[in-house]
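Engineer: Before we start, here is the structure in question, set down as structure tokens.
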Protein chains: 2
Amino acid sequence: MTAACELCEESGGEILFRNEQLRVVLVADANYPGFCRVIWNAHVKEMTDLAIEDRSTLMRAVCQVEAALREVMQPEKINLACLGNMVPHLHWHLIPRFSDDAHFPHPVWAPAVRQTVDGVLSHRRALLPALRAAVTRHVSCAS
Amino acid sequence: MTAACELCEESGGEILFRNEQLRVVLVADANYPGFCRVIWNAHVKEMTDLAIEDRSTLMRAVCQVEAALREVMQPEKINLACLGNMVPHLHWHLIPRFSDDAHFPHPVWAPAVRQTVDGVLSHRRALLPALRAAVTRHVSCAS
């Protein structure tokens, strides 16, 4: 644990899966239902700070969550990113992208180009119970 | 090869390494000397469209390029991203980030917050010959 690191001190979202090495959380983002993060529990900064077998474990979990997102939400594209400029504690963003989302085809960190209509967002939010179940199933099976 | 896919038709940058499965290219970005991409040669859309052993091969190359970037450029942080909303052909962005770069601590796709001074960018560009050599050495050794 590192003082003043929010991913050491807090879960980072609604926990869908957790073991000794990592956790998967669902992020509360009004524009991006299904936005998940895979967070390495220990305070490590970069992928190459991990032992090679731990990199594989982490990426396997990222791919398992990607599979769950595709199965349940059927997005146009999956976006994966490991940034950590503000919180240098190893974590992956997994964002299901749709052609009508707020930033498509730009990254979610670019300025928004539209407001997705409420009915569409409500429909996607209604998939979250199925997504929670799918993430737990995919990640638990192989870890 | 898929018609009208720019990563099927073009290299995507200056090739630093290429084998049958993937290539590593250096991107010409005035604000981000050292910006590299690891591109899967075949037209595949998502990480989970790859066989598991191919995902490992690709991420091993990403980590080898990350190691080369850290060794030569000593950035504040490495940013990794697999987006592909505009070009849905599997590729990874690897961006060495510095506290004085145009967007730090925000992602490079957010609005710029400063202009890095020319002398600093020139110093980073002067590291590119060493980066080319390091990428070739890191990726060739273990693939």
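Engineer: Anything in segment A:110-122 that is open to solvent by 60 Å² or more (accessible area, probe 1.4 Å) and either under 24 Å from B:Leu83 (Cβ atoms) or of a type in the set (A, V, I, L, M, F, W, C) (or both)? List them, or say none.
Structural biologist: Hits for segment A:110-122 are A:Pro111, A:Ala112, A:Val113, A:Arg114, A:Gln115, A:Val117.
Engineer: For segment A:63-88, give me each residue that is more than 7 Å from every other protein chain (Cβ to nearest Cβ) and of a type in the set (A, V, I, L, M).
Structural biologist: Once the filter is applied, which keeps residues that are more than 7 Å from every other protein chain (Cβ to nearest Cβ) and of a type in the set (A, V, I, L, M), segment A:63-88 yields A:Val65, A:Ala68, A:Leu69, A:Val72, A:Met73, A:Val87.
Engineer: Examine segment A:123-140 for a residue that is of a type in the set (A, V, I, L, M, F, W, C), surrounded by fewer than 17 Cβ atoms within 10 Å (Cβ to Cβ), touching a residue at least 40 places away in the same chain (Cβ under 8 Å) and assigned to a helix (DSSP H, G or I), and state whether such a residue exists.
Structural biologist: Yes: one or more hits.
Engineer: Further question on the same structure: Could you tell me whether any residue of segment B:90-105 is more than 7 Å from chain A (Cβ to nearest Cβ), over 22 Å from A:Trp92 (Cβ atoms) and polar (S, T, N, Q)?
Structural biologist: yes
Engineer: Shifting gears a bit: Filter segment A:93-109 down to residues that are acidic (Asp, Glu) and either open to solvent by less than 40 Å² (accessible area, probe 1.4 Å) or at pLDDT below 95 (or both), then give me how many there are.
Structural biologist: 1
Engineer: Of all residues in segment A:50-62, which are crowded, with 21+ Cβ neighbours inside 10 Å and more than 9 Å from every other protein chain (Cβ to nearest Cβ)?
Structural biologist: Answer for segment A:50-62, where residues must be crowded, with 21+ Cβ neighbours inside 10 Å and more than 9 Å from every other protein chain (Cβ to nearest Cβ): A:Leu58, A:Ala61.
Engineer: Continuing with the same structure: Which pairs turn up if I take residues in segment A:34-47 that are within 23 Å of B:Leu69 (Cα to Cα) and look for partners that are of a type in the set (Asp, Glu) with beta carbon separation below 7 Å, at least 6 apart in sequence or on another chain?
Structural biologist: A:Glu46/B:Glu66; A:Met47/B:Glu66
Engineer: For the subset of segment A:106-116 comprising residues that are in contact (Cβ under 8 Å) with a residue 12 or more places away in the chain and under 21 Å from B:His89 (Cα atoms), which member is farthest from the other protein chains (Cβ to nearest Cβ)?
Structural biologist: The qualifying residue farthest from the other protein chains (Cβ to nearest Cβ) is A:Val108.
Engineer: Which condition does B:Ala4 not pass, out of (1) assigned to a loop (DSSP other than H, G, I, E, B); (2) modelled with pLDDT of 95 or more, if it passes all the others?
Structural biologist: For B:Ala4, the exception is condition (2).
Engineer: Within segment B:126-143, can you find the residues that are charged (D, E, K, R) and under 13 Å from B:Cys36 (Cα atoms)?
Structural biologist: B:Arg132
Engineer: Filter segment A:1-49 for residues that are open to solvent by less than 70 Å² (accessible area, probe 1.4 Å) and of a type in the set (Asp, Glu); which is farthest from A:Thr136 (Cα to Cα)?
Structural biologist: Per the criteria, the residue is A:Glu46.
The values are calculated or read from the model by the stated rules, or taken from the named source; none is laboratory data. Remember, predicted model here, so these are calculated numbers, not experimental data. Neighbour counts run over all protein chains shown; Cβ positions are idealised from the backbone, glycine included. Just so you know, the surface numbers come from the protein's heavy atoms only, side chains and all, with ligands and any DNA or RNA stripped out. Shrake-Rupley method; radii C 1.70, N 1.55, O 1.52, S 1.80 Å.
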